[in-house]
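I have placed the structure first, in the form of structure tokens, so that the comments after it can refer back to it.
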Amino acid sequence: MKRYQALSKDQSNPVDQPSRHSESTAGTTAFVHRSACPACAATTRRTLKSVPMRHPSVAGFLERYYEGRIPLSDLADMPFDVAECDACGTIYQTAILSPPRMLDLYEHWIDPAQSFEKRRGADHTYYAQIANEVMGIRRLTSRLPRDTQVLDFGMGWGNWLQMARGFGYQTTGFELSEQRAAYGREHGLRVASTLCELEPASFHYIYANQVLEHVPDPRASLQDIAALLAPGGIADIHVPNQLGIRRKLASKHWQASHDAIHPLEHINCFNRRALLAMGRAFGLQSITPPYPGLRTPQTLGVKDVAVYLFNRTISTHVFFVRNV
């Protein structure tokens, strides 16, 4: 799964402190507090939103979105507190689910069957998009597919990885969800469920799409990615953009929604500057993204050029190279 890679890591930042008032009916701590920015570890911040998780503006959304699968009574004392780091501008939720509850979220509260059907029922435009992403590997590296080790860090159901394999790349997936990992193996994919199964400095291209916004310690996850890259290897990192989030949170009509600060799930909300700084901390240098390839059989259009320019300036889709 793409979501909780850093949950079992020994974290050096003081980001996870159990709440004294967060015991669930099963005796499991429901949430923990993060005292430092997950992107830069700074401890000074300003509050952008603070309401109880049980407030109708949040609880109503959670009830609808997860179709009643979340035991909201277990989260009665959990706040929805959103802060902005004074140092790097990262926006993040200070109270997050505890590791056992995070596993519940991604294995049970999010219906695996619905998640699977969503991908299986995708139309040709989805597959054209991921095919274009895979073609971008060749525009960033000089290696032939047969000589290129590719890792999907948080592979989900493995759609992107299967596409990369179809283009001839040597593929591996990293996935913690037992269901998703098993599905990938059943379809012939090489899947690792622990980092110790992966050889350090062995991958020429690592794809991490919609991962870092979900994990309690994105710095640790990015450090893992950097360690897995071969010298000169490329990391393709894509997370939701925080553009417009401050304005939405400040609105008196604010209601929680499936956006870049989605309660419980999108616990980190980055800007480009913070992402690039995280990469530099682990020896990763940002590089110019590839010019977009054809997404459909039609010719390259104005929209593709606009996306290319956006990706070079304020986008939170960034490409890193590991310094040799």
Looking only at segment 175-194, filter to residues that are closer than 20 Å to ALA131 by Cα and in contact with a strand residue (DSSP E or B) (Cβ under 7 Å, 6 or more places away or on another chain); which one of those is surrounded by the fewest Cβ atoms within 10 Å (Cβ to Cβ)? ARG190
Would you check if ILE96 is under 30 Å from ALA36 (Cβ atoms), modelled with pLDDT of 95 or more and in the same structural domain as SER286 (by TED's automatic domain parsing)? no
Could you list, in sequence order, all residues of segment 42-64 that are surrounded by 19 or more Cβ atoms within 10 Å (Cβ to Cβ) and either part of a helix (DSSP H, G or I) or among the hydroxyl-bearing types (Ser, Thr, Tyr) (or both)? VAL58, ALA59, LEU62
Just to be sure I understand, how many residues within segment 255-281 are over 18 Å from the mean Cα position of the chain (by Cα) and either among the hydrophobic types (A, V, I, L, M, F, W, C) or outside any loop (DSSP other than H, G, I, E, B) (or both)? 3
Across (1) closer than 25 Å to PHE319 by Cα; (2) more than 18 Å from the chain's Cα centre (by Cα), ALA182 clears everything bar (1)
Enumeration of residues in segment 112-138 that are basic (Lys, Arg) and exposed (fewer than 11 other Cβ atoms within 10 Å of the Cβ): ARG120
Looking for whichever is touching a Leu at 6+ places or on another chain (Cβ under 6 Å), outside the structural domain of CYS37 (by TED's automatic domain parsing), touching a residue at least 60 places away in the same chain (Cβ under 8 Å) and not charged (D, E, K, R) here; the options are ALA192, ALA226. Which one fits? ALA226
Please enumerate the residues belonging to segment 139-174 that are surrounded by 22 or more Cβ atoms within 10 Å (Cβ to Cβ), free of Cβ contacts under 8 Å to residues at least 60 places away in the same chain and in a loop (DSSP other than H, G, I, E, B). THR148, TRP157, GLY158, TYR169
In this structure, is LYS252 not in a helix (DSSP H, G or I) and not aromatic (Phe, Trp, Tyr)? yes
Mind listing whichever residues of segment 72-96 are within 25 Å of GLY244 (Cβ to Cβ), of a type outside the set (Phe, Trp, Tyr) and in contact with a helix residue (DSSP H, G or I) (Cβ under 7 Å, 6 or more places away or on another chain)? VAL82, CYS88, GLY89, THR90, ILE91
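The values are calculated or read from the model by the stated rules, or taken from the named source; none is laboratory data. Bear in mind the structure is a predicted one, so any value in this text is a computation, not a measurement. Positions of Cβ are generated from backbone atoms using ideal geometry, with glycine treated the same way; all protein chains shown enter the neighbour counts.
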